[in-house]
């Protein structure tokens, strides 16, 4: 008799445990879906460059699920737009602590490190992104890595990275420009000139028009409104003399 009573209690406890677990699982799924809903809205706002609303939605997602790696990534991107790079860095690292294979987060962390002038860390972050075979924008990662090598004076490494970027995307004009600048730093002036002039043939803006390119460089140097640093602009103008 006592045996059957014990067995009934055990079965009852097991059933209660199953019900509680099922309810808990349903609650987890519900919260995950709700968090993802706000995350998706956040990215929609981010694409529209409505960063304040994106910021709000990513925060809502994280209030529901603090481990939503995509919401952490999205919020980090918003802080990048706000030029709050240290906060962005910390959010990228939080996302990567959840998923160390998150290639997009590694890539954007690398860009963040560049803004913080931490180029060795940036190089490592880009390597992490490139180590993931599913990472799509490898051309941009190789170019960004080459740029960090260039900034710290590792010109051979920079040349190799720019070469990989160009092989993956011949229309990535900045990779050509910095390849020319790298050849100049290495003292290979004829190759610098050849690379720069050939790059303008691929550029849909210039279509090989050296004079127009030169004029735009001079204007950018004067106004400080170009996409390139002034020192790089002056070096490109020097290469055009070769």
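Annotations for the structure displayed:
- Selection status of residue 119, surrounded by 24 or more Cβ atoms within 10 Å (Cβ to Cβ) and more than 11 Å from the chain's Cα centre (by Cα): no
- Unmet requirement for residue 23, which otherwise passes all of (1) modelled with pLDDT under 90; (2) in contact with a helix residue (DSSP H, G or I) (Cβ under 9 Å, 6 or more places away or on another chain): (2)
The values are calculated or read from the model by the stated rules, or taken from the named source; none is laboratory data. The shown structure was predicted, so the numbers you read here are calculated from the model rather than taken from an experiment. Virtual Cβ from ideal backbone geometry, glycine too; neighbours counted across all protein chains shown.
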